[in-house]
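Just below is one structure, and these are the notes that go with it.
Read-outs throughout are calculated quantities, based only on the coordinates presented, and are distinct from any laboratory measurement. Note that the coordinates shown come from a computational prediction; the quantities given were computed from them, not determined experimentally. Virtual Cβ from ideal backbone geometry, glycine too; neighbours counted across all protein chains shown.
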Amino acid sequence: MNDNYYFQPITDKYFLSHAIGNVRFGMTNDYMFRAVLQESKKGLNGLIGALLYTDPKQIDIEIKNPIIIGRSITEKEFRFDLHIAVNNKSFINLEMQNLSQYWENRSLLYLCRAFDTIQRGQDYNAVSSIMHIGLLNFTLFKDEPEFYASYKLMNEKTHKVYNDRFTLRCLDLTKIKLATDKDKEYNVDKWATFFKAKTWREIKMIAAQDSYINDTAKNLFLANEDEQIRKLALDAEEHQNFINSLQNKIDRQASEIEKLKKQLNDNGINIG
């Protein structure tokens, strides 16, 4: 594969405005999410601005871990996060996540790894601010649902923040109706609606309201027209389905074990 691979140009008769029907691979697909946002600098800038509640024109971004779009991927590369430098002084890990299993621990692990950036002998003040933002296609805490949540290390009694350079955020794509006025002011709800859209009609309606989303939507259309991109998106989809199936099997087996334990305990056989 050519290292300079990019979305192949298509003829003039193919435009987003002509797109109809269902979207085969939308933005919740791990690979499509990564490929489209990497190719849409304007769109990614708009998304980061929305998630930071700031004007996209006031920030400069750079993807620090670019992939070669269209290149075959290995088993180790199925985690498609975007590591982004913002204004050359802070970093954001941005990730589309469809698997709910162990997300609390996994997201914290990703954040800690990204935070550990200084070299031996460097001043500890040289550590950069890091924020991990998970775009979750599930509700993390069902007892306390929230559209866009932010977490920091803080004092349990006084709520004083221990360190402002270490932040974890979760955008629940299934709870758009819980968006706050501030979320709506910065179009975070529109981005979430775009990510969840299933038809080109929905996407075009959303894209017409925001130029940054419009740029991203155009790249999503181009990506869906590209045979190699579609193949890799299908690989990511099948990988996710396999993990889901495996986890469901594990959950069923764990449930059966608990039932057997209860039956044995009820019959006076204590196995702990």
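Quick notes on this structure:
- Global geometry of region 23-73, whether rounded, prolate or oblate, following the gyration tensor of its Cα atoms and the 1.5 cut on a/c: oblate
- Between residue 105 and residue 119, the modelled labels are 3.4 nm apart [label points 7 Å from Cα along Cα→Cβ].
- Which of 159, 83 has the fewest Cβ neighbours within 10 Å, and the rest in rising order: 159, 83
- Put simply, the amide H of residue 96, placed in the peptide plane, has neighbours under 5 Å in 135, leaving out anything fewer than 5 places away on its chain.
- This ranking places 110, 212, 102, 151 by how few other beta-carbon atoms lie within 10 Å of each, fewest first, which gives 102, 151, 110, 212.
- Taking the centroid of alpha carbons for each part, region 144-220 and region 86-100 are 13 Å apart.
- Restricting attention to region 23-266, close to 50% of DSSP beta bridges with both partner residues there are antiparallel.
- Between residue 60 and residue 157, the FRET efficiency estimated from the beta carbon spacing at R0 = 41 angstrom works out to 0.55.
- Using the Cβ-Cβ distance between residue 252 and residue 202 with R0 = 41 Å, the FRET efficiency computed as 1/(1 + (r/R0)^6) comes to roughly 0.75.
- Amide H to amide H, with H built 1.01 Å from N, residue 179 comes under 5 Å of no residue 5 or more places away or on another chain.
- Report note on the peptides 143-149, 26-32, 257-263, 204-210: ranked by the mean count of other C-beta atoms within 10 Å, highest first, their order is 26-32, 204-210, 143-149, 257-263.
- Here the alpha carbons of region 23-266 define both size measures, Rg and Dmax, at 19.5, 66 Å.
- Bridge type composition, region 128-178 - antiparallel percent by DSSP, nearest 5: 45
- The aspartates and glutamates within cross-link reach of residue 89, meaning a Cα-to-Cα straight distance under 20 Å and a gap of 8 or more places when in the same chain, are 55, 60, 62, 81, 116, 123, 164.
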